[in-house]
Structures are given as C-alpha cells and as structure tokens.
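A short worksheet on the structure shown next.
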Amino acid sequence: MLRALVANADQSTTQLGQKLGLSQPATWRRMRRLQDAGIIAGRRLVLDAEKVGFGVTVFLGVKLATKGRVSLEDFERAIGAIPEVQTVDHVLGLYDYRLRVVARDLADFERVLRRRIMTMPGVGDVEANVLLSEERRPGPI
C-alpha cells in the first residue's frame, strides 16, 4: 500500500483498492490506521524547481563559528526564515548543518549566500556543492 501511495498519492481509495485487490472501505480503513499511527504523515505537492524559475540547487555545509554565542535553535529559526533555504539538517561531522538552497541562477545564489546566510550571527565556515543532477529513488521512505 505504501509503495502504491508513494507512486501516486492522488489516487482514490477505490483506485488503490483495485490495485491491491481490496474493497474501497477496506482500503480506506487501512489508510486511516496508517494515518492514525503517524506512518502516513501527510501528502504534499512536489514542484519542478527549474520549471518555476529556480535552476540552481546548492547544498551548503555550515559550521557555526561559536556555538556558545548563538544557540542552535536561534540559528535554525533564522535560517529557516530564508525562503530559498528548502531544508535545514543538523548533522554530525565537519559541518554542523547541511542546507539545501535553491536559486534562480548562480548570481542569485551568490546574493543569497552573501547577503542572507553569511551575515547571520554565528556563521563560520561554509562549503557549497552545486547539484548537477538528481536521481529520485522510488520507495516508501
């Protein structure tokens, strides 16, 4: 059921049930149980960033200069307010955070980096990796 929903979350419970060999009510009950258990956390619309004008994706590694002066929560709140920042992941390793940033082009990314990210209190070292291509892996997770 999860694989079928990941492939097409818009399908009706009737369509899903037909694929799984279940009745519509049985399919609905199983989906409701998965939602109530928190396994299905929601459904979302996925946009093609390039087609809506954001042709560049950059992964940033951000190391905070002084962890004691700026709390992690303050950094996460501030960085999350930047619309070009799609994800904020707190990670172990050389950097403290991994960010996914979208921009219209490299000049736009440089503007976001210089004016929005590098000016934030506590930001130390930053490493940028420009996404060349992305392969989506099918699967429920």
Qualifying residues in the stretch 91-107 (those that are in contact with a helix residue (DSSP H, G or I) (Cβ under 9 Å, 6 or more places away or on another chain) and modelled with pLDDT of 95 or more) - the one nearest to residue 124 (Cα to Cα): 97
Close pairs (8 angstrom Cβ cut-off, 6 or more residues apart or separate chains): under 20 Å from residue 113 (Cβ atoms) in the stretch 58-69, of a type in the set (S, T, N, Q) and at pLDDT 70 or above anywhere: 58/129; 59/129; 60/129; 61/129
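From the set of residues in the stretch 124-135 that are within 16 Å of residue 59 (Cβ to Cβ) and in contact with a strand residue (DSSP E or B) (Cβ under 9 Å, 6 or more places away or on another chain), which is surrounded by the fewest Cβ atoms within 10 Å (Cβ to Cβ)?
First, pick out the residues of the stretch 124-135 that are within 16 Å of residue 59 (Cβ to Cβ): 125-135.
Retained after the next criterion (residues that are in contact with a strand residue (DSSP E or B) (Cβ under 9 Å, 6 or more places away or on another chain)): 125-131, 134.
Numbers: 125: 12, 126: 15, 127: 12, 128: 14, 129: 11, 130: 11, 131: 13, 134: 7.
The selected residue is 134.
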Members of the stretch 91-114 found to be of a type in the set (D, E, K, R), within 19 Å of residue 65 (Cβ to Cβ) and in a loop (DSSP other than H, G, I, E, B), listed by number: 96
Given (1) of a type in the set (A, V, I, L, M); (2) surrounded by fewer than 17 Cβ atoms within 10 Å (Cβ to Cβ); (3) part of a loop (DSSP other than H, G, I, E, B), number of the condition residue 34 does not satisfy: (3)
Positions within the stretch 76-90 being assigned to a loop (DSSP other than H, G, I, E, B) and either touching a Phe, Trp or Tyr at 6+ places or on another chain (Cβ under 7 Å) or exposed (fewer than 14 other Cβ atoms within 10 Å of the Cβ) (or both), in sequence order: 81, 83
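Yes/no matrix, rows are residues, columns are (1) in contact with a Pro (Cβ under 9 Å, 6 or more places away or on another chain); (2) among the small types (Gly, Ala, Ser); (3) at pLDDT below 95:
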residue: 42; (1), (2), (3): no, yes, yes
residue: 58; (1), (2), (3): no, no, no
residue: 70; (1), (2), (3): yes, no, yes
residue: 73; (1), (2), (3): no, no, yes
residue: 113; (1), (2), (3): no, no, no
residue: 117; (1), (2), (3): no, no, no
residue: 140; (1), (2), (3): no, no, yes
Residue match in the stretch 122-132 (condition: assigned by TED's automatic domain parsing to the domain that holds residue 65, under 30 Å from residue 1 (Cβ atoms) and out of contact with any Pro (no Cβ under 7 Å at 6 or more places or on another chain)): no
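The values are calculated or read from the model by the stated rules, or taken from the named source; none is laboratory data. On a predicted model such as this, the values are computed, not experimentally measured, just so you know. Here the Cβ is made from the backbone with ideal geometry for all residues, glycine too, and neighbour counts use every protein chain on show.
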